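Undergrad: Submitted below is the structure of interest, expressed as structure tokens.
The values are calculated or read from the model by the stated rules, or taken from the named source; none is laboratory data. What you are looking at is a predicted structure, and each value in this text was computed from that prediction instead of being measured. Cβ atoms come from the backbone with ideal geometry, glycine included; neighbour counts cover every protein chain shown.
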Amino acid sequence: MHDNEQQNISPDRRPDQHRSRHKNFLPLIIFAFFALFIAVNEIPGFRHAVEYYVAHDRWQAAESCESKALQMGSTPDYMRLIEHGDVHKTEKGFLIKNIIVGEMAEQGGEQRFVVDCYTDAAGNLVRADRR
């Protein structure tokens with residue numbers, strides 16, 4: 001070894017110790033990946049927030065549809081979004097299915113309805129249907 005190489009290696013650290021530190025983080029990284037995967041698939045609000053950063057066009061389409069869904073009831077001031085729905089890519093835009101909206105019922109309590117929407121690629125609403 002040259003003198004320069006000997007100075008770079010600490011006497012109390014071996015080169016294989018550096019590799020083992022990375023191996024210690026591998027289970028943590030795998031756990032974090034699976035936790036994120038489960039959260040995205042099981043928590044609708046979390047998936048919606050992730051789409052804002054990862055797939056902004058999908059998020060914009062869902063926002064347009066949710067906004068329209070909250071206007072489709074008979075008592076818009078007393079409505080809430082229960083589920084964000086599923087966003088599917090179409091050839092020229094998006095289909096947002098199964099947005100669940102709750103609104104104040106006339107006899108008390110809450111009644112629910114489902115809204116499906118189509119948007120263009122920019123997220124502008126094309127059609128919304130209440131069922």
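Undergrad: Kindly check whether there is at least one residue in the stretch 74-87 that is surrounded by 14 or more Cβ atoms within 10 Å (Cβ to Cβ), in contact (Cβ under 8 Å) with a residue 60 or more places away in the chain and not in a strand (DSSP E or B).
TA: No, every residue in the stretch 74-87 fails to be surrounded by 14 or more Cβ atoms within 10 Å (Cβ to Cβ), in contact (Cβ under 8 Å) with a residue 60 or more places away in the chain and not in a strand (DSSP E or B).
Undergrad: All but one of (1) over 21 Å from R127 (Cβ atoms); (2) in contact with a Ser or Thr (Cβ under 6 Å, 6 or more places away or on another chain); (3) of a type outside the set (F, W, Y) hold for A55, so report the exception by its number.
TA: So the condition that A55 fails would be (2).
Undergrad: What's the total number of residues in the stretch 88-126 that are closer than 22 Å to Y52 by Cα and outside any loop (DSSP other than H, G, I, E, B)? Give the steps one after another, and end with the answer.
TA: Here is the first cut: in the stretch 88-126, the residues closer than 22 Å to Y52 by Cα are 88-101, 115-126.
Still in the list and also outside any loop (DSSP other than H, G, I, E, B): 88-89, 93-101, 115-120, 125-126.
Of the residues in the stretch 88-126, 19 are closer than 22 Å to Y52 by Cα and outside any loop (DSSP other than H, G, I, E, B).
Undergrad: Test each condition in (1) at positive phi; (2) modelled with pLDDT of 95 or more for G109 and report the one that comes out false.
TA: Failing condition for G109: (2).
Undergrad: Starting from the stretch 45-56, keep only residues that are under 11 Å from V87 (Cα atoms), then list their pairs with residues that are not in a helix (DSSP H, G or I) whose Cβ atoms are within a distance under 6 Å, requiring at least 6 positions of separation or different chains.
TA: Close Cβ pairs (under 6 Å, with a partner that is not in a helix (DSSP H, G or I)) amount to H48/H84.
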